[in-house]
Amino acid sequence: MTKEKDIRLKVLGNGSYPGGDYDKIKVTGQVEISGDVYSQHTKIIGECRVKGNATKEQVQVTGKLNVDEELNSHTIKGTGELNVKQSVKANTLDMRGFVHCSGNVELEKMDLKGGFTITGLLNVGDLLVNLQVAPSSVGEIGGEKIMIKSKSILKKSYTLEAEVIEGDSIYLEHTTAKIVRGNDVEIGPGCHIEKVEYRSTFTNKEKNSKNIFHVNQI
């Protein structure tokens with residue numbers, strides 16, 4: 001016996017609904033989904049909590065999305081806050097706000113204006129972050145092109161703390177890390193790095209500072 005797909009879940013206001021297999025989910029208000037959920041298209045204006053795993057091909061959030069287990073998606077876009085207690089896997093994450101994940105995050109592309117706290121590994125092909133709003137932290141970053149900037153409209157610099165940052169091309173601002181390793185590494189203002197390991201090129205824009213303890217070509 002096969003399960004029939006529900007056409008859509010459309011909610012205006014507050015409430016609690018069961019998990020399921022949907023074509024479209026549209027939430028305007030505050031909603032709790034009590035179980036695993038799948039959807040092709042999800043649009044949230046307000047707040048939505050999924051008490052389980054969420055598989056959403058396309059997600060658009062204006063407000064807050066909380067997922068108690070894993071979040072799998074092709075595209076995640078939005079303004080606001082994304083909180084995931086386990087892991088995130090997606091092709092693209094494009095947000096203006098803050099991302100919290102207690103596990104690992106795996107992406108092809110991440111474009112974020114705001115901040116993030118990721119307990120585990122951020123594995124990303126193309127990473128562009130403009131640190132705003134609040135301090136950020138991550139266990140490790142592994143990627144191809146990694147660019148961390150800190151340019152707030154209020155002219156206040158926010159920071160990123162990481163254990164290890166490793167990639168092909170790396171540019172960092174206002175970042176504190178134990179190890180930065182890459183082919184081409186450029187260290188911008190406000191950084192404190194214990195060790196830089198580079199293969200091809202290395203540039204330190206703050207040449208007169210003691211912001212890097214060790215630099216090795218490998």
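Summary of values
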read-out: Residue 178 vs. criteria at pLDDT 95 or above, in the same structural domain as residue 139 (by TED's automatic domain parsing) and farther than 19 Å from residue 123 by Cβ; value: no
read-out: Inter-residue pairs, beta-carbon under 8 Å, first on the phi < 0 side of the Ramachandran plot and in segment 134-145, second not in a strand (DSSP E or B), 6+ apart; value: 134/158; 135/158; 135/159; 136/158; 136/159
read-out: Identity of the residue in segment 129-171, among the basic types (Lys, Arg) and in a strand (DSSP E or B), that ends up nearest to residue 98 (Cα to Cα); value: 149
read-out: Qualifying residue in segment 13-26 (condition: in a loop (DSSP other than H, G, I, E, B) and either of a type in the set (Asp, Glu) or outside the structural domain of residue 119 (by TED's automatic domain parsing) (or both)); value: no
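Okay, residues lined up against (1) outside the structural domain of residue 27 (by TED's automatic domain parsing); (2) surrounded by fewer than 16 Cβ atoms within 10 Å (Cβ to Cβ):
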site	(1), (2)
61	no, no
65	no, no
69	no, yes
80	no, no
98	yes, no
106	yes, no
147	yes, no
150	yes, no
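The values are calculated or read from the model by the stated rules, or taken from the named source; none is laboratory data. On a predicted model such as this, the values are computed, not experimentally measured, just so you know. Using ideal geometry, Cβ is built from the backbone for each residue, glycine included, and neighbour counts are taken over all protein chains shown.
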